[in-house]
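Read through the structure below, which is laid out as structure tokens, and then see the notes.
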Amino acid sequence: MTDGPGSVIPTALPQSSKRRDNSARQKQILDVLLENGSATIEGLAERFDVSRMTIHRDAHALVQQGLIDKLHGSIVLRNKVTTQKTVNFRRSRATDLKDAIIQRAISLIQPEQVLVLDDSTTVAAMLPLLPALAPLTIITNAVGVIQALSPYPNLKLICLGGDYNPPRNAFFGLVCEQAAQSLRANMMFLSTSIIHNGTAFQNDQDVVKVKRVMMDIADQCVLLVDSTKFRKGGLHRLASLSEFDRVLTDSHLKPSVAKALAQDDVNLEICT
């Protein structure tokens with residue numbers, strides 16, 4: 001679907017295919033900027049094997065979303081922290097890759113279980129499917145989870161309070177951690193920002209602290225990560241992938257990465 005170095009781009013793609021290609025490339029451009037902070041139009045054109053005009057159009061679309069600024073011959077992130085953390089931006093990334101992951105995650109749940117759900121947008125995609133599995137007890141620090149599931153009487157909801165983080169629409173901090181430590185759950189479903197060399201990373205240490213505590217109270221932890229998360233970067237270590245009972249990802253993961261993780265005893269499942 002996406003074009004890369006050496007690829008040939010058809011000249012008469014259907015409009016829907018063009019939109020998918022443009023969207024995928026724009027997400028890859030943002031990944032480049034998240035790593036490097038800036039990039040030249042010429043360099044991006046060479047990287048993606050497209051014309052400079054195509055990159056200009058991509059840049060214009062990202063400017064309109066408020067994510068980047070265009071300078072003379074280059075583009076830069078408008079605000080790196082906001083781009084990484086804003087809930088709406090995270091929700092827009094790789095939704096098509098998440099579908100198979102979500103379906104597999106849902107298949108692991110049994111009625112009457114106690115689940116822990118983090119504030120990630122990947123886990124949020126599970127929410128519409130949970131009422132059909134009721135009764136369930138849901139423990140979460142995410143306001144969005146509470147709002148989405150509160151209409152269903154057979155879902156018992158436990159919200160971990162604490163310091164409210166508006167960009168993530170969730171609670172963190174000592175109060176949140178202490179509340180979680182008083183509970184116990186069958187399974188936790190969570191995601192993470194970046195996976196590099198077999199390790200899950202987050203760029204916010206407060207997020208790491210709460211996720212770690214919630215992992216500790218669950219009998220099993222299932223990590224949901226689409227293939228776009230496997231890239232260089234990350235600041236605060238969350239956990240080695242071998243610490244999770246299951247790591248669910250999509251079929252776009254590079255075979256070499258999957259092989260390396262298998263050699264490190266990671267219970268990786270490719271969801272199709």
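The values are calculated or read from the model by the stated rules, or taken from the named source; none is laboratory data. Just so you know, these numbers come straight off a predicted model, no measurement behind them. Positions of Cβ are generated from backbone atoms using ideal geometry, with glycine treated the same way; all protein chains shown enter the neighbour counts. Side chains included, ligands, DNA and RNA excluded: accessible areas come from the protein's heavy atoms. Shrake-Rupley method; radii C 1.70, N 1.55, O 1.52, S 1.80 Å.
Considering only residues of the stretch 122-155 that are hydroxyl-bearing (Ser, Thr, Tyr) and crowded, with 19+ Cβ neighbours inside 10 Å, which is farthest from Leu108 (Cα to Cα)? Give the steps one after another, and end with the answer.
Initially, the stretch 122-155 is screened for residues hydroxyl-bearing (Ser, Thr, Tyr), giving 122, 137, 140, 150, 152.
Filter once more, keeping what is crowded, with 19+ Cβ neighbours inside 10 Å: 122, 140.
Details: Thr122: 16, Thr140: 18 Å.
Checking each candidate, the answer is Thr140.
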> Which numbered condition trips up Val266, out of (1) in a loop (DSSP other than H, G, I, E, B); (2) free of Cβ contacts under 8 Å to residues at least 60 places away in the same chain; (3) surrounded by 15 or more Cβ atoms within 10 Å (Cβ to Cβ)?
Replying inline: (2)
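Quick check on my filter: what residues within the stretch 147-168 are closer than 25 Å to Leu133 by Cα, out of contact with any Leu (no Cβ under 9 Å at 6 or more places or on another chain) and touching a residue at least 12 places away in the same chain (Cβ under 8 Å)?
Cys159
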> Inside the stretch 202-222, can you point out the residues that are part of a strand (DSSP E or B) and more than 18 Å from Arg168 (Cβ to Cβ)?
Replying inline: Ala218, Asp219, Gln220, Cys221, Val222
>> Residues that are over 20 Å from Val210 (Cα atoms), at pLDDT below 95 and open to solvent by less than 30 Å² (accessible area, probe 1.4 Å): does the stretch 178-198 have at least one?
In response: yes
> Which one of these does Ser38 not meet: (1) surrounded by fewer than 19 Cβ atoms within 10 Å (Cβ to Cβ); (2) at pLDDT 90 or above?
Replying inline: (2)
>> Residues to consider are Tyr164, Tyr152; find the one that is on the phi < 0 side of the Ramachandran plot, in contact with a helix residue (DSSP H, G or I) (Cβ under 7 Å, 6 or more places away or on another chain) and outside any helix (DSSP H, G or I).
In response: Tyr152
> Within the stretch 228-239, can you find the residues that are over 11 Å from His196 (Cβ atoms), more than 15 Å from the chain's Cα centre (by Cα) and open to solvent by 30 Å² or more (accessible area, probe 1.4 Å)?
Replying inline: His236
